[in-house]
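The values are calculated or read from the model by the stated rules, or taken from the named source; none is laboratory data. Since the structure is predicted, the reported quantities are computational estimates derived from the model, not experimental observations. Reconstructed Cβ throughout: ideal geometry from the backbone, glycine too, with neighbour counts over all protein chains shown.
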Amino acid sequence: MNYDQAVSYIHETKKYGSKLGLSNITKLLELLGNPQDNLSFVHVAGTNGKGSVCAYVATTLVEAGYKTGLFISPYIEKFTERIQIDFNNMKEEDLINIVLRVKQCVNLMLINKMNHPTEFEINTAIAMTYFYEQNCNIVVLETGLGGRFDSTNVIKKNEVSIITSLGLDHVSVLGDSIDKIAFEKAGIIKENCPVVVYGRNDLVAIEVIKHIASIRQSKVTISNNKFVNNLIGHEDGYIFDYKHIKGISIGLRGVHQVDNAIAALEALFVLQYKGYVIDDIHILDGFKKTKWPGRLEVLSKKPYIICDGAHNPQAAKALLEYFKMFHQGKNLIFLMGVMRNKEYEKMAAILVKGAKGVICVQVDNERALAKEQLAKTCKKYCHNVLVSDTIKLGMDTAVKMAKEKDIICSFGSLYLIADVKKYVREKLNNAV
């Protein structure tokens, strides 16, 4: 087996769908020796902001000298981005080695008449095995979908749980109300394990989380932007004080990143209390160095191109707020592609009204919405809507449309980002 074959084996398991539940992943990890039982975790669930919060926490832990595993989804350009140690992608030879062992375990499961593990369950098993064998001190673990029955919830204990910003997403699976979604996300709370909650969440959601935490005798900390002082915003980030820490500088764009940052700060305070040696200088350096691809990421300045992973109304509002705050009055040209199970009409209503143009494309995914259907929806809110057969052609159209001070922004799905980045690298000389 080579690297491409290993990745193909993983991706081929998409045909088994996405099934929530822990029986399969429990058995698979048991056959692998239960590596997760020998690891420490920061477990992160939520609708928006999971990746950014993971990045803040993981970067700080690396700065503090801890060998830090990071498990995220989805990847942007290369599969091994999903499984990192100290922000170095998993080595290809390690992936091959572990995939071969996982495949043997899956075959044993099938012989014993068990269901075939899903793609995400296999990814989880690979990650747990890798982090254990590489002797990670701690792992920052992002859930895939939900929390209660997400395969990452196979872990029995963790140092701290974090529940980020909640919104209505994946409603057919997680429920059609914020309290139902909060219940599913709160499933990651373990007995006697502290939980940090994003402070701007709906009060109903916070009460649900508090109730579950009380049953599990777990202390709840709610991040509070009232403790944010001396906030200075600029196009490329923010500087602020939070509680006793002064002059925190972040380079992730959008005011919502301040809220993500303080949720991460509260989790780091919990780790400090538990005995982790994390000094203020580690936090300051970690937050300043934190990067997260595809989240209001500026790819080029001439023409000005931003890519963002916004794929629900809540994230679309955050993106609009950024443009209002730092690019008021500039013409916006959107490249938009979405999954058909997303609230794409609400996203279009929020963002594309008044845009100079919208180019609709179809993402390379079996769940993608047809570009023609997306265009039909966008025409309700923008007079200049075009359809392009490929992302490359769509970017060509956007670049030709853009004048000197216009901004091109791709959004609607994380699956757009790799092709947009590739376009900028190969076609433009002003990539950032």
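The table that follows gives values for the structure above.
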read-out	value
One residue from Met336, Met395 being over 26 Å from Gly144 (Cα atoms), crowded, with 24+ Cβ neighbours inside 10 Å, among the aliphatic types (A, V, I, L, M) and in the same structural domain as Ala310 (by TED's automatic domain parsing)	Met395
Failed condition for Ala348, given (1) more than 22 Å from Phe79 (Cα to Cα); (2) touching a residue at least 12 places away in the same chain (Cβ under 8 Å); (3) in contact with a strand residue (DSSP E or B) (Cβ under 6 Å, 6 or more places away or on another chain)	(3)
In segment 113-149, residue farthest from Arg82 (Cα to Cα) [restricted to those that are among the polar types (S, T, N, Q) and surrounded by 19 or more Cβ atoms within 10 Å (Cβ to Cβ)]	Thr118
Considering residues of segment 109-129 that are among the hydroxyl-bearing types (Ser, Thr, Tyr) and not in a loop (DSSP other than H, G, I, E, B) only, the residue farthest from Val7 (Cα to Cα)	Thr129
Members of segment 279-293 that are surrounded by 20 or more Cβ atoms within 10 Å (Cβ to Cβ) and either within 19 Å of Ile138 (Cα to Cα) or touching a strand residue (DSSP E or B) at 6+ places or on another chain (Cβ under 6 Å) (or both)	His282, Ile283, Gly286, Phe287, Thr290
Any hit, segment 99-107, residues being in a loop (DSSP other than H, G, I, E, B) and either of a type outside the set (S, T, N, Q) or closer than 30 Å to His311 by Cα (or both)	no
Checklist (1) closer than 30 Å to Asn229 by Cβ; (2) surrounded by fewer than 20 Cβ atoms within 10 Å (Cβ to Cβ); (3) touching a Leu at 6+ places or on another chain (Cβ under 6 Å) applied to Lys317, failing item	(3)
Candidates Asp259, Asp279 - the one that is under 22 Å from the mean Cα position of the chain (by Cα) and either assigned by TED's automatic domain parsing to the domain that holds Glu235 or among the hydroxyl-bearing types (Ser, Thr, Tyr) (or both)	Asp259
Complete set of residues in segment 228-245 that are surrounded by 12 or more Cβ atoms within 10 Å (Cβ to Cβ) and free of Cβ contacts under 8 Å to residues at least 12 places away in the same chain	Ile239
Counted residues, segment 22-72 - those being in a helix (DSSP H, G or I) and either more than 20 Å from the chain's Cα centre (by Cα) or under 22 Å from Arg200 (Cβ atoms) (or both)	23
Those residues of segment 64-78 which are surrounded by fewer than 21 Cβ atoms within 10 Å (Cβ to Cβ) and modelled with pLDDT of 95 or more, in sequence order	Gly65, Tyr66, Lys67
